Amino acid sequence: NAGVTQTPKFQVLKTGQSMTLQCAQDMNHNSMYWYRQDPGMGLRLIYYSASEGTTDKGEVPNGYNVSRLNKREFSLRLESAAPSQTSVYFCASSGTAFRGYTFGSGTRLTVV
Amino acid sequence: GENVEQHPSTLSVQEGDSAVIKCTYSDSASNYFPWYKQELGKGPQLIIDIRSNVGEKKDQRIAVTLNKTAKHFSLHITETQPEDSAVYFCAAGGSARQLTFGSGTQLTVLP
């Protein structure tokens, strides 16, 4: 039972490059989320998907796009990376009986 | 939207002592308050949660209290052990199934 799987675990990008962070869950959860974690700022919501086929902006969506590919997978895309997007990114999911989130292990992204 | 404030940002206690972390929230519609523990290099893990129809919940050495009137909730860890050292996050959520997180508390348990 893998839970929430994120790839890659580490990535270094140059300013202006693009990349996609992948997330998959095997718990049959309806809702999925992308958060970024920065020192002293906790976890901030970038985008979420309440159910398959829907996505909505969170607190800090600028510079990101998402795709809910199917019920299992929710990807986060940086079209033109900027140093301000250096962060640790967490994917999470939640089930119908909302009891918080199950988090992945994170992707540490550095933009130089 | 919801705003969650968490204090203190760092906390050091002697092994065996108790630790208390406090959070306040702003949205009276929030009705779900989980606490997460994050160890170095890992994602946050749920350790305890409480809903707004309950004032206190306990699970072994961990307890959470909720004061809806004052809009604050607290995490209490008794008989702390070195393995309790981690970053702890509080969060608040409502019907939208989204959580707003506090800024985290680095707990260090000194041997």
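The values are calculated or read from the model by the stated rules, or taken from the named source; none is laboratory data. Please read all numbers here as calculations on a predicted model, not as lab measurements. Don't worry about glycine lacking a Cβ; one is built from the backbone with ideal geometry, like all the others, and counts go over all protein chains shown.
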| Qualifying residues in region A:73-94 (those that are at pLDDT 95 or above and over 13 Å from the mean Cα position of the chain (by Cα)) - the one nearest to A:Gly104 (Cα to Cα) | A:Thr86
| note | The correct count of residues that are in contact (Cβ under 8 Å) with a residue 60 or more places away in the chain and away from chain A (no Cβ under 11 Å) in region B:24-43 is 4
| task | Please work out which residue is surrounded by the most Cβ atoms within 10 Å (Cβ to Cβ), limiting yourself to region A:38-58 and to residues that are under 20 Å from B:Pro44 (Cα atoms) and either touching a residue at least 24 places away in the same chain (Cβ under 8 Å) or aliphatic (A, V, I, L, M) (or both). | result | A:Leu43
| Number of the condition not met by B:Thr100 [criteria: (1) part of a strand (DSSP E or B); (2) at pLDDT below 95; (3) away from chain A (no Cβ under 11 Å)] | (3)
| task | Specify the residue that is farthest from A:Ser18 (Cα to Cα); the eligible residues are those in region A:90-112 that are more than 8 Å from chain B (Cβ to nearest Cβ), in contact with a Lys or Arg (Cβ under 8 Å, 6 or more places away or on another chain) and crowded, with 18+ Cβ neighbours inside 10 Å. | result | A:Thr107
| query | Which of the residues spanning region B:56-99 are out of contact with any Lys or Arg (no Cβ under 9 Å at 6 or more places or on another chain) and of a type in the set (Val, Ile, Thr)? | reply | B:Ile62, B:Thr69
| message | Kindly evaluate B:Val4 against the criterion of being surrounded by fewer than 18 Cβ atoms within 10 Å (Cβ to Cβ) and out of contact with any Pro (no Cβ under 9 Å at 6 or more places or on another chain). | response | no
| Could you give every pair whose Cβ atoms fall below 9 Å, whose first residue belongs to region B:44-67 and is more than 13 Å from chain A (Cβ to nearest Cβ) and over 26 Å from A:Trp34 (Cβ atoms), and whose second residue is loosely packed, with under 15 Cβ neighbours inside 10 Å and acidic (Asp, Glu), counting only separations of at least 6 or pairs across chains? | B:Arg61/B:Glu79; B:Ala63/B:Glu56; B:Thr65/B:Glu56; B:Leu66/B:Glu56
| note | Of (1) within 14 Å of another protein chain (Cβ to nearest Cβ); (2) surrounded by fewer than 16 Cβ atoms within 10 Å (Cβ to Cβ); (3) not hydroxyl-bearing (Ser, Thr, Tyr), B:Pro111 fails just (1)
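Taking into account only those residues within region B:81-97 that are in a strand (DSSP E or B) and facing chain A (nearest Cβ under 10 Å), which is farthest from B:Lys42 (Cα to Cα)?
Only one residue fits best here, namely B:Gly93.
Got at least one residue in region B:9-23 being touching a His at 6+ places or on another chain (Cβ under 8 Å) and in a loop (DSSP other than H, G, I, E, B)?
Yes, some residue in region B:9-23 is touching a His at 6+ places or on another chain (Cβ under 8 Å) and in a loop (DSSP other than H, G, I, E, B).
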